[in-house]
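The values are calculated or read from the model by the stated rules, or taken from the named source; none is laboratory data. Here the structure is a predicted model, which means the values were calculated and not measured. Here the Cβ positions follow ideal geometry from the backbone for every residue, glycine too, while neighbour counts run over all protein chains shown. Just the protein is used for accessible areas: all its heavy atoms, side chains included, with ligands, DNA and RNA removed. Shrake-Rupley method; radii C 1.70, N 1.55, O 1.52, S 1.80 Å.
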Amino acid sequence: MAGAVDLSALRARADASRTTGASAAAPAANGGAPGGGDAPGAQGGPWVLDVDESNFQTEVLERSLEVPVVVDLWATWCQPCKQLSPVLERLAEEGRGTWILAKIDVDANPRISQAFGVQSIPMVIAVAGGQPVTGFNGARPEPEVRQFIESLVSQLRDQLPGIKAAEEAAGAGEPQDQEPPEDPRFTEAEDALERGDYAASEAAYERILAAEPANEQAAAALAQVRFLARAESADPSAIARADANPDDVDAQLAAADAEVAGESADAAFSRLVSTVARTSGDDRERVREHLVGLFELFATDDARVMAARRALARALF
């Protein structure tokens, strides 16, 4: 729409009006209604303005140099306007100054209506940098209007300096997320782990679980510590020994640890599932528990874990 609408005549009339002492702009700047305030559902506020010819330049053209100004062209007799205007007002309040809503009664401001080429209302026109840039006609559902506004602000964010400033100001006024205080029990366990004292770290996590059996964070950390303690002494040759001795349960467990440590979790899971399938009694339970312990090192929705759990269930039952 840029260049298709000539707003220079309105700018000239506004200049002349201010020269002769017109003061209608003042109440509009405070959210008032210079033309009587009959806007459907008008809420006022700093981001919703009633505009007429006398303050069109300051409230629309000049403001649009900083942030987009969305012009809502309406009339008191227009029923669709009464549906659309409250939606625009609500979104303007949510926008917190990243854009401005300028409400214009077309009956009271025929020159503005003529300048925008209004043929039917409601009509919405976005102005940026002193020029119309986009718009739409007719009442639209709120999701569609919201998408229109969000797209407008997004496209102009790097062009109009007031958008980012308004976003920063809105963010500064919101409560900041506070970091939760550190749990000294976890700090003790983590400090021990950093020192390489796996036994002390394991004991610290076990104390947490003794007091809080459902503490998932402690359970996951305990599984990690136990594996790290085993993996530190894991022998890569254990894999070859296990392959040469498939009935050696100890060798299979050591090989699985070495494979997980070597980022071959799939191979480790497959090895232990196969061992479960060909063992029984205490050996089978021991392998099963070891495999479940390895599962705890990964996210529950890890595709490798999910596949291995299904394979384990088939091997057991």
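Of note:
- For the stretch 90-156 versus the stretch 301-315, the gap between their alpha-carbon centres in whole angstrom: 55
- Sorting the segments 128-139, 150-161, 48-59, 66-77 by their mean number of nearby beta carbons within 10 angstrom, highest to lowest, gives 48-59, 66-77, 128-139, 150-161.
- D_trans [Stokes-Einstein, Kirkwood Rh over alpha-carbon pairs] for the stretch 229-280, 4 °C, 1.567 mPa s, µm² s⁻¹: 121
- Gyration tensor verdict on the stretch 257-317 (Cα atoms; rounded if a/c is under 1.5, prolate if a/b is larger than b/c, oblate otherwise): prolate
- Per-residue surface analysis assigns F298 an accessible area of about 50 Å², computed on protein heavy atoms at 1.4 Å probe radius.
- Rounded to two decimals, the Cα-based Rg/Rh of the stretch 38-121, with Kirkwood Rh, is 0.93.
- Toward the positive end of the charge dipole of the stretch 227-317, with +1 on the Cβ of Lys and Arg and -1 on the Cβ of Asp and Glu, the farthest Cα among G262, A240, T279 is that of T279.
- Using θ = phi - 60° and Karplus 6.51 cos²θ - 1.76 cosθ + 1.60, couplings along the stretch 208-220 (whole Hz; Gly, Pro as x): 4, 5, 5, 7, 9, x, 8, 6, 5, 5, 5, 5, 5
- Two-site FRET efficiency, R146 against Q217, from Cβ-Cβ distance with R₀ of 45 Å, rounded to 0.05: 0.75
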